[in-house]
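One structure below.
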Amino acid sequence: MDLEEAFQVVGEFGPYQKRTVAALALTQVYMACQAMLIVLVGSTPEYRIEQQDGVPSSTQELLQQHVTFTEDIDSIVTEWFLIKQQAYKVSLAGSLFFAGLLIGNIVLGPLSDRIGRRPVYLTGLFFEIIFGYVTAFAPSYEVFAVSRLLVGIMNGGIGLVCFVLTQEYVGKPYWAMTGTLASMAFAVGIALFGALGYFIRPWRSLATVANSSGILMFLLSLTLPESPRWLYSQGHTEQAEEVLRYMAVRNGNVANNLRLKRVRAAKAGNRGAGVLQLVIHPVLRLRTMVLMYVWYACSLLYYGLTLGASETSGSRFVNVAMYGLVELPAYPLCIYFINKHWAGRRKSMASFLCLAGSACFCTMFIPENTGTLLSVTSLALLGKLMVSAAFNIAYVYTSELYPTVIRNAGLGVCSMSCRVGGILAPFVPSMRAFHTSMPFTVFCLSGLSAGCLGLLLPETLNGPSAETLEELSSSNHSRVLESKALLYEDNKWKSNQK
């Protein structure tokens, strides 16, 4: 039998898979806390500089002697006096974290395609916890900054592997749900971190408590098996059968006679495919180019609109929590639309991107500070809601478009372009100097163009996922996808008629 038939015997989403997905979702909560850490520990309080005898405080030593913080905030800014000429160091620490995400996506994602999901995931999570404690107890800013880079590398790598595992442990009909749960857990983690920061004000204590939750996640993850899909794609058929039987026993099912189709030795050679296949393979090349732009546009819109929405006054803890809570309505929308035959993955992602771009377009016709329900802020938040839905679909859709042997490499490259969008996003609001509507014009064009390009991709709903490059290269693969989808809908229509 093939893998999908085996999962039907084992249980596509049985009690054991529910526990494993829950453990991986909790890891997403931990990673969200690490991603948002600099927002609170890098807070800059109000301060004043007292001038004595008309001598300007030009050096850092003199500045420390004459500065007085008028707001009761404990952060890296107050400890290391990161103000005036040193203020850039706060942003630099945040940039180093995102640079680490980029490196982690490029290095650890493809590495998990080569040596396995489980070793990369556990090793990355272990070192992220270690480097997280280095952040909390950093004796100087330099050590703090380097630790943020290292945490980012681990966070970026295991984030991809964690997402892939939530799908490869379950049957394909549940991929959309488990992928959405992973994204939802990350959003919940952002909201919980805002609440944690409200109760724990000293920045070292906050960093320690937020990082300590990772120990529990690591202990829960020690029991996770290797991905049976990865094992099968590498030619380790016997090991894949063992993992599937292990799952079946814990699901309460009998799978003693479970036997997978043997993979030819040539297929096992796909383990050396690597990122190069994304360029030289004709099918993967087109998909990768389109998906890279889609991910870039999603990131540009998401972080750009978040930056604009966060300019409102109020408690920074509430604002951080809102960054996560505003995304939550997007995920039920994803689950509903991407499993409908008249919408699917492709049309849903394209529609949400176009709606996000349209919301940005509408802001150009509404004056700021109108004080009504329909305002620039509400439209910007609506745009963020739409792009959050598109971003989540992009994760699920991308994992289905790449074969198992190169799935993490594809996600890593797409995530790399995503980080580029995140880096550029803070610069877009500064384009107001040219015209007040320029930032939203950029967001509008990015959303609409990405939505249109996304329509070039094939639909994956109700179709088989490729495990190897040979399956993807088959000229009949696209036709198989379409015929199975049509057959599924025809059988569904007939059952409804009965």
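All but one of (1) within 22 Å of Cys360 (Cβ to Cβ); (2) crowded, with 24+ Cβ neighbours inside 10 Å hold for Thr436; which doesn't?
(2)
Just to verify a result, which residue in the range 1-31, among those that are in a helix (DSSP H, G or I), in contact with a helix residue (DSSP H, G or I) (Cβ under 9 Å, 6 or more places away or on another chain) and at pLDDT below 90, is surrounded by the most Cβ atoms within 10 Å (Cβ to Cβ)?
Per the criteria, the residue is Val10.
Please state which one of Cys354, Cys362 is over 21 Å from the mean Cα position of the chain (by Cα), at pLDDT 85 or above and assigned to a helix (DSSP H, G or I).
Unique residue meeting the criteria: Cys362.
Being within 16 Å of Ile76 (Cβ to Cβ), open to solvent by 30 Å² or more (accessible area, probe 1.4 Å) and in a helix (DSSP H, G or I) is the filter here; which residues of the range 134-165 pass it?
Val134, Glu142, Val143, Val146, Leu149
Is one or more of the residues making up the range 429-441 part of a helix (DSSP H, G or I) and under 20 Å from the mean Cα position of the chain (by Cα)? Please lay out each step first, then the result.
Start the filter on the range 429-441 by keeping residues that are part of a helix (DSSP H, G or I), which leaves 429-433, 438-441.
When the remaining residues are screened for being under 20 Å from the mean Cα position of the chain (by Cα), the result is none.
No, that holds for no residue.
Anything in the range 242-276 that is within 27 Å of Leu401 (Cβ to Cβ), modelled with pLDDT of 80 or more and out of contact with any Ser or Thr (no Cβ under 7 Å at 6 or more places or on another chain)? List them, or say none.
Within the range 242-276, Val243, Leu244, Met247 qualify.
Have a look at Gly344, Gly314, Gly324 and point out the one that is at pLDDT below 90, within 30 Å of Thr44 (Cα to Cα) and surrounded by 18 or more Cβ atoms within 10 Å (Cβ to Cβ).
On the way: Gly344 fails: within 30 Å of Thr44 (Cα to Cα); Gly314 fails: surrounded by 18 or more Cβ atoms within 10 Å (Cβ to Cβ).
Step by step, each of Gly344, Gly314, Gly324 is checked, and only Gly324 is at pLDDT below 90, within 30 Å of Thr44 (Cα to Cα) and surrounded by 18 or more Cβ atoms within 10 Å (Cβ to Cβ).
Tell me yes or no: at least one residue of the range 457-467 is on the phi < 0 side of the Ramachandran plot, touching a residue at least 40 places away in the same chain (Cβ under 8 Å) and assigned to a helix (DSSP H, G or I).
no
Return a yes/no flag: does the range 116-124 have any residue that is open to solvent by 60 Å² or more (accessible area, probe 1.4 Å), more than 16 Å from the chain's Cα centre (by Cα) and closer than 23 Å to Gly235 by Cα.
yes
I'd like the residue in the range 177-197 that is of a type in the set (Gly, Ala, Ser) and over 12 Å from the mean Cα position of the chain (by Cα) and, out of all such residues, is most open to solvent (accessible area, probe 1.4 Å). Write out each step before concluding.
Step one: filter the range 177-197 for residues of a type in the set (Gly, Ala, Ser), giving 179, 182-183, 185, 187, 189, 191, 194-195, 197.
Of the ones still in play, those that are also over 12 Å from the mean Cα position of the chain (by Cα) are 189, 191, 194-195, 197.
Details: Gly189: 0, Ala191: 18, Gly194: 2, Ala195: 45, Gly197: 1 Å².
The extreme case among them is Ala195.
Test Glu226 against the criterion of being over 19 Å from the mean Cα position of the chain (by Cα) and not in a loop (DSSP other than H, G, I, E, B), and give yes or no. Spell out the reasoning first.
Details: over 19 Å from the mean Cα position of the chain (by Cα): yes; not in a loop (DSSP other than H, G, I, E, B): no.
No; evaluated as a whole, the condition is false for this residue.
Would you mind stating whether Tyr174 is farther than 19 Å from Cys33 by Cα, open to solvent by 10 Å² or more (accessible area, probe 1.4 Å) and at pLDDT 85 or above?
Answer is yes for this residue.
Within the range 60-74, is there a residue that is open to solvent by less than 70 Å² (accessible area, probe 1.4 Å) and at pLDDT 80 or above?
yes
Of all residues in the range 90-126, count the ones that are of a type in the set (S, T, N, Q) and touching a Ser or Thr at 6+ places or on another chain (Cβ under 7 Å). Show your work before the answer.
As a first pass, look at the range 90-126 and keep what is of a type in the set (S, T, N, Q): 91, 95, 105, 112, 123.
This time we only want the ones that are touching a Ser or Thr at 6+ places or on another chain (Cβ under 7 Å), so: 105.
So the answer is 1.
Okay, residues lined up against (1) at pLDDT 75 or above; (2) open to solvent by 50 Å² or more (accessible area, probe 1.4 Å); (3) within 25 Å of Val120 (Cβ to Cβ); (4) of a type in the set (Lys, Arg):
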position	(1), (2), (3), (4)
Val396	yes, no, yes, no
Ser417	yes, no, yes, no
Val428	yes, no, no, no
Leu453	yes, yes, no, no
Leu456	yes, yes, no, no
Leu469	no, no, yes, no
Ser475	no, yes, no, no
Arg479	no, yes, no, yes
Tyr488	no, yes, no, no
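Could you tell me which residue of the range 242-252 is nearest to Ala6 (Cα to Cα), considering only residues that are open to solvent by less than 60 Å² (accessible area, probe 1.4 Å) and touching a residue at least 60 places away in the same chain (Cβ under 8 Å)?
Checking each candidate, the answer is Leu244.
Need pairs with beta-carbon distance below 8 Å; first residue within 21 Å of Lys384 (Cα to Cα) and assigned to a helix (DSSP H, G or I) and within the range 285-299, second open to solvent by 10 Å² or more (accessible area, probe 1.4 Å) and of a type in the set (Lys, Arg); sequence gap 6+ or separate chains.
Once the first residue is within 21 Å of Lys384 (Cα to Cα) and assigned to a helix (DSSP H, G or I) and sits in the range 285-299, its partners that are open to solvent by 10 Å² or more (accessible area, probe 1.4 Å) and of a type in the set (Lys, Arg) give Ser299/Arg419.
The values are calculated or read from the model by the stated rules, or taken from the named source; none is laboratory data. Note that this is a predicted model, so its numbers are computed, not measured. Using ideal geometry, Cβ is built from the backbone for each residue, glycine included, and neighbour counts are taken over all protein chains shown. All accessible areas refer to the heavy atoms of the entire protein, side chains included, with ligands and DNA or RNA removed. Shrake-Rupley method; radii C 1.70, N 1.55, O 1.52, S 1.80 Å.
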